[in-house]
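The values are calculated or read from the model by the stated rules, or taken from the named source; none is laboratory data. Everything numeric here is computed off the predicted structure, so don't read it as measured data. Note that each Cβ is placed from the backbone with ideal geometry, even for glycine, and that neighbours are counted across all protein chains shown. The accessibility values were calculated without ligands, DNA or RNA, using every heavy atom of the protein model including side chains. Shrake-Rupley method; radii C 1.70, N 1.55, O 1.52, S 1.80 Å.
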Amino acid sequence: MEIVIFSGAGISAESGIATFRDSGGLWEQYKIEEVATPEAFQRNPKLVLDFYNHRRKNIKNALPNNAHKQIPLLDSIGHVTVITQNIDDLHERAGSKNVLHLHGCITQAKGCNGDKFIEEIGFKDIEVGDTAKDGSQLRPHIVWFGEAVPAMNDAIEIVKKADIMITVGSSLNVYPAASLVFETPRKCQHFVIDPNVQELNLPENFTLIQENASMGMKNLVQHLTSGNKKPR
Ligand code: APR
């Protein structure tokens with residue numbers, strides 16, 4: 001059985017990492033066009049690097065929560081792939097083996113000339129003047145607004161084979177990532193865990209679990225691994 005977890009910022013909220021579009025979320029405090037576009041980086045690299053240096057420290061100090069930790073338990077009933085929009089490494093630290101980062105990863109950096117020279121930097125800051133192997137300014141290996149999402153094709157192939165898809169903690173506002181929910185085959189059972197979804201842009205026949213990620217995942221994993229068809 002193929003199980004796909006599609007996670008967004010909400011799965012890491014209980015680890016103390018801010019989401020983007022909730023009230024008090026990051027996009028209320030910062031303007032996307034000032035910190036998360038290639039143009040912003042050209043205009044003011046220090047501001048952009050400081051924004052991500054701060055986020056890297058926050059992620060370093062965070063711990064996986066029970067939602068991340070429930071996912072590897074699904075290995076007992078199928079082959080699990082995590083497709084995450086998150087740039088944190090909390091899925092990996094919680095023991096998930098197959099993790100595809102759609103929007104990059106905060107612990108990696110690259111030069112400004114494409115994805116040829118990606119390097120592991122761990123939790124070190126990136127400063128103006130730090131260079132990649134090709135001599136260009138180092139930047140976070142993160143997909144900014146206006147940039148392509150190179151992992152998208154691999155993600156579509158994975159979702160197309162899903163028997164179970166669990167979407168957890170995403171507002172499904174950002175494309176192309178959000179379009180993955182429309183790639184599931186007919187046979188796929190789709191669960192959505194989110195405590196405050198407003199309006200869901202989803203195909204029909206999904207089961208909505210209006211809980212925080214940790215509680216929602218705990219109940220759902222318990223039901224799936226015990227052979228029950230429907231979560232409480
Ligand atoms: N448990 C589960 N879900 C939660 C929790 C929680 N404890 N707290 C908040 N949420 C939900 C919110 O209700 C919301 O639907 O998480 C969702 C977070 O949505 P966004 O902030 O829009 O985050 P996400 O969908 O991951 O954003 C996608 O936008 O800015 C970009 O690149 C960034 O990858 C990110 C992308």
Residue list for the stretch 124-150, restricted to those being open to solvent by 20 Å² or more (accessible area, probe 1.4 Å) and under 18 Å from the mean Cα position of the chain (by Cα): 141, 143, 145, 146, 147, 148, 149, 150
For residue 108: the one exception among (1) outside any helix (DSSP H, G or I); (2) of a type outside the set (A, V, I, L, M); (3) surrounded by fewer than 14 Cβ atoms within 10 Å (Cβ to Cβ): (3)
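Quick check on the stretch 154-161. Is at least one of its residues within 12 Å of the ligand (Cβ to nearest atom) and not assigned by TED's automatic domain parsing to the domain that holds residue 51?
So far as the stretch 154-161 goes, no, none of its residues is within 12 Å of the ligand (Cβ to nearest atom) and not assigned by TED's automatic domain parsing to the domain that holds residue 51.
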Residues satisfying the stated conditions in the stretch 18-46, i.e. touching an Asp or Glu at 6+ places or on another chain (Cβ under 8 Å) and acidic (Asp, Glu): 33, 39
In the stretch 193-208, how many are open to solvent by less than 60 Å² (accessible area, probe 1.4 Å) and either modelled with pLDDT of 95 or more or not aliphatic (A, V, I, L, M) (or both)? 5
Across the stretch 1-35, what is the total count of residues that are at pLDDT 95 or above, within 8 Å of the ligand (Cβ to nearest atom) and among the small types (Gly, Ala, Ser)? 5
